[in-house]
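Enquirer: Dumping the structure here so I can ask a few things about it.
The values are calculated or read from the model by the stated rules, or taken from the named source; none is laboratory data. These figures come from a predicted structure and were not determined experimentally. A quick note on method: Cβ atoms are made from the backbone with ideal geometry, for glycine too, and the neighbour counts reach across all protein chains shown.
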Amino acid sequence: MPELPEVEVVRLGLAEHVTGRTVAAVEVRHPRSVRRHLAGELDFAARLAGRQIRAARRRGKYLWLDLGGEQALLAHLGMSGQMRIQEPGSIDETHLRVRLQFTDGGTELRFIDQRTFGGLSVEDVVDGLPIPVTHIARDPLDPCFDPDAVIAGIRQRRTALKRALLDQTLVSGIGNIYADEALWRARLHGARLTATLTRAQGRAVLTAVTEVMTEALAAGGTSFDALYVNINGASGYFDRSLAAYGQDGRPCPRCGTAIRRDAFMNRSSHTCPRCQPRPRHPHP
DNA sequence: CCGAAAACCTGAACGC
DNA sequence: TGCGTTCAGGTTTTCG
C-alpha cells in the first residue's frame, strides 16, 4: 500500500497487533523480499528471533518495528506490499513472501507482495531513524514538519512542482494519487516551475497535501482493488472522494469541466484544465 | 544539479 | 480462447 495514508493505516494495525510481542521464528519464502538485508536471509531471520517489538513507527512511506537496542525491522511496501495479521495455519496467500511467528503462539505477521518491489530488512537505528530512512524528509503528518522550510526548499529547485512534491528528500509520503489531489485542491498545475511559485501558493499546496492525507487516513486509505488493504485485509474507501486522480473524462467536482489525463514523468497526471491551467512557461 | 529512461516484478484489462 | 500491448498507489541507478 503505497502512499502515506495507506502506510499509516498499516502502522496503526501493527501497533495494535504486534507491539510487545516477541519474535519466535521467521520464514523467508522469497529471497528478493529481503534483498536489502545485505547479510542475507539467514542473517535476517537470526537477527529477529528472540527480539521483542517495542513500537511501530513510520516516516513518509517507510515503516519500521522498533526492536530496542538501536535496531529495527524496516519495511517498504513498494507498489504492492501488504502486511497481514493471520491465524497460524490459515492458508498461505499466493504472494506470501515473509512470515513472522511469535513466542505467544498467537497470530502471525505476514508480508505479502505481488510485484516484490517492496521488502524487509533489519537495520541499525541512528538518532531514531533506521539508516536507509535518514535521507527521507519529514512528512506532513510529522509534528515537527516545517512547511516554510519545505516551501523554501521547493522554491530553490529548478524543476516542476509535481516533481518536487514527489521528491521524498524534500517532503515525504506523497505519491502520484495525493500529488494530483493536492495540486487540484490548490488549483495549481504540476508543470508549474517551482522557482516561480509564490510562498502563498507553496503554502496552499502543502496545506492541501496535509488535508487530503488526513481525510484519506480517516477513510482508511485509498484502494481500487484487493492489492491495497489493511492488516485485516479490508480496503479503505477514499477512492470515492478522489476529485482528480483516475477521474479522466469525469466532471471536475468544482467546475464540471472534464478531468484530463496526461503523461508526465513517465506516469499519469490528472488535472482539471479549467481550474489548473497549464503554465505559460511550463517546460521544467 | 537536473531529467529521462531503464531497471526491478506480477497480473489485470483491453484490443484484435 | 489466446496472444500481444499497456498500465499500475515506488525507488534506484545510469547516462547525458
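Enquirer: Working carefully through the options A:45, A:75, find the one that is in contact with a strand residue (DSSP E or B) (Cβ under 8 Å, 6 or more places away or on another chain), farther than 21 Å from residue A:229 by Cα and among the hydrophobic types (A, V, I, L, M, F, W, C).
Expert: On inspection, the qualifying residue turns out to be A:45.
Enquirer: Let me ask another. Considering only residues that are touching a Lys or Arg at 6+ places or on another chain (Cβ under 9 Å) and buried (at least 19 other Cβ atoms within 10 Å of the Cβ), which ones fall in segment A:231-242?
Expert: A:231
Enquirer: Still on this structure, please answer the following. Got a sec? Which helices (runs of 4 or more DSSP H) wholly within segment A:81-192 have at least 2 residues that are under 25 Å from residue A:57 (Cβ atoms)?
Expert: Counting at least 2 such residues, we get A:147-156, A:176-185.
Enquirer: If a residue has to be in contact (Cβ under 8 Å) with a residue 60 or more places away in the chain and under 23 Å from the mean Cα position of the chain (by Cα) to count, how many in segment A:39-57 make the cut?
Expert: Within segment A:39-57, residues that are in contact (Cβ under 8 Å) with a residue 60 or more places away in the chain and under 23 Å from the mean Cα position of the chain (by Cα) number 0.
Enquirer: Something else: Could you list all residues from segment A:215-228 that are surrounded by 13 or more Cβ atoms within 10 Å (Cβ to Cβ) and more than 9 Å from DNA strand C (Cβ to nearest atom)?
Expert: A:215, A:216, A:217, A:219, A:220
Enquirer: Quick one: count up the residues across segment A:28-72 that are within 16 Å of DNA strand B (Cβ to nearest atom) and closer than 28 Å to residue A:174 by Cβ.
Expert: 7
Enquirer: Just one of A:234, A:226, A:208 is under 21 Å from residue A:5 (Cβ atoms), of a type outside the set (Phe, Trp, Tyr) and part of a helix (DSSP H, G or I); which is it?
Expert: It is A:208.
Enquirer: Another one. Where residues in segment A:71-92 are surrounded by fewer than 17 Cβ atoms within 10 Å (Cβ to Cβ) and among the aliphatic types (A, V, I, L, M), which of them is farthest from residue A:132 (Cα to Cα)?
Expert: A:91
Enquirer: Let me ask something else. I'd like to verify a number: residues in segment A:122-149 that are more than 16 Å from DNA strand C (Cβ to nearest atom) and either buried (at least 19 other Cβ atoms within 10 Å of the Cβ) or among the polar types (S, T, N, Q) (or both), how many?
Expert: Looking only at that region, the number is 2.
Enquirer: Name every residue in segment A:244-275 that is within 16 Å of DNA strand B (Cβ to nearest atom), under 27 Å from residue A:159 (Cα atoms) and surrounded by fewer than 16 Cβ atoms within 10 Å (Cβ to Cβ), in order of residue number.
Expert: A:248, A:262, A:263, A:265, A:266, A:267, A:268, listed by residue number.
Enquirer: If you take the residues in segment A:7-33 that are touching a helix residue (DSSP H, G or I) at 6+ places or on another chain (Cβ under 8 Å) and under 25 Å from residue A:176 (Cα atoms), which one is surrounded by the fewest Cβ atoms within 10 Å (Cβ to Cβ)?
Expert: A:8
Enquirer: Where the second residue is crowded, with 17+ Cβ neighbours inside 10 Å and basic (Lys, Arg) and the first is in the same structural domain as residue A:180 (by TED's automatic domain parsing) and lies in segment A:150-165, which pairs have Cβ atoms under 6 Å and are six or more apart or on separate chains?
Expert: The qualifying pairs are A:161/A:192; A:164/A:157.
Enquirer: Can I ask one more? Could you tell me whether any residue of segment A:190-199 is within 21 Å of residue A:3 (Cα to Cα) and away from DNA strand B (no atom under 12 Å from the Cβ)?
Expert: No, there is no match, as no residue in segment A:190-199 is within 21 Å of residue A:3 (Cα to Cα) and away from DNA strand B (no atom under 12 Å from the Cβ).
Enquirer: Separate question: Any residue in segment A:94-108 that is within 10 Å of DNA strand B (Cβ to nearest atom) and closer than 28 Å to residue A:48 by Cβ?
Expert: There is at least one residue in segment A:94-108 that is within 10 Å of DNA strand B (Cβ to nearest atom) and closer than 28 Å to residue A:48 by Cβ.
Enquirer: Which of (1) of a type outside the set (A, V, I, L, M, F, W, C); (2) closer than 18 Å to residue A:113 by Cα; (3) assigned to a loop (DSSP other than H, G, I, E, B) is the odd one out, the single condition residue A:20 does not satisfy?
Expert: Unmet condition: (2).
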